[in-house]
Amino acid sequence: MSTGPDDESPHLKAPSAFTKGVHPGRYSARVEGDFVVFLIGMRINRPLRVDRWLPVFRAMPRMVRELEGHPESGFLGTTWAWSIPAPPSRSPESERRPGATGPLLVQYWRSFDDLERYARNPDAEHLPAWRRFNQEVRASGDVGIWHETYRVRAGEYEAVYGNMPRVGLAGIGEHVPAGSSSTAARRIGARADDTAPVAGY
């Protein structure tokens with residue numbers, strides 16, 4: 001539950017689509033119990049092969065809509081993003097890693113078992129799309145997909161949102177004011193007496 005206003009603050013001048021839902025100041029997020037963070041993205045390796053990458057691109061919104069309609073699945077929510085190329089670097093190592101430019105979803109699940117159950121459900125959107133990718137796209141290299149999964153124990157995380165709408169954990173958990181003296185070390189329980197090296201707001 002949010003403790004802040006859902007609409008624009010009077011301190012935000014000239015409200016627009018960009019400021020709608022923004023919460024001025026510093027907030028944090030609280031999620032009850034353990035949870036799972038699942039990152040999934042795609043990379044278009046050959047833009048002209050629209051026939052290859054467009055079906056992959058379209059599959060994820062369908063899955064998210066399906067999950068949003070079934071809260072009993074253990075799906076808590078998602079934040080949509082776009083991964084951009086890394087800026088130029090003098091490091092030879094970075095030149096060998098071109099990055100995963102493309103759409104990126106940050107998903108939150110109640111448990112890994114819930115995530116895996118959905119991924120393997122023959123009656124859900126994911127399994128047919130997974131099979132189709134393996135049969136038709138994987139070997140061509142026209143489009144790439146990737147994911148990472150993290151189990152997070154209760155209380156072993158921290159988050160801060162400054163002048164932001166409710167995104168990430170704040171979008172699926174409790175949205176709470178973070179005070180000007182709050183630090184990452186305090187929020188994650190590492191050092192209760194920690195002080196920030198810069199003044200808060």
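A few notes on this one:
- Boolean, Leu48 is assigned to a loop (DSSP other than H, G, I, E, B), free of Cβ contacts under 8 Å to residues at least 60 places away in the same chain and at negative phi: yes
- Matching residues in region 137-180 - criterion: being in contact (Cβ under 8 Å) with a residue 60 or more places away in the chain and charged (D, E, K, R): Asp142, Glu148, Arg151, Arg153, Glu158, Arg166, Glu174
- Near pairs, Cβ below 9 angstrom, 6+ apart or cross-chain, from region 3-31 (exposed (fewer than 10 other Cβ atoms within 10 Å of the Cβ)) to any residue that is at pLDDT 55 or above and polar (S, T, N, Q): Lys13/Thr19
- Selection from region 140-155 of residues that are under 21 Å from Ala119 (Cα atoms) and out of contact with any helix residue (DSSP H, G or I) (no Cβ under 8 Å at 6 or more places or on another chain): Gly144, Trp146, His147, Glu148, Tyr150, Val152
- Selection from region 81-128 of residues that are charged (D, E, K, R), under 18 Å from Trp146 (Cβ atoms) and modelled with pLDDT under 95: Arg96, Arg97
- Of the residues making up region 108-126, those that are assigned to a helix (DSSP H, G or I) and surrounded by fewer than 17 Cβ atoms within 10 Å (Cβ to Cβ) are Phe112, Asp113, Glu116, Arg117, Ala119.
- Residue within region 67-89 that is under 16 Å from Ile40 (Cα atoms) and out of contact with any strand residue (DSSP E or B) (no Cβ under 8 Å at 6 or more places or on another chain) present: yes
The values are calculated or read from the model by the stated rules, or taken from the named source; none is laboratory data. Remember, it's a predicted structure, so these values are computed and weren't measured experimentally. Don't worry about glycine lacking a Cβ; one is built from the backbone with ideal geometry, like all the others, and counts go over all protein chains shown.
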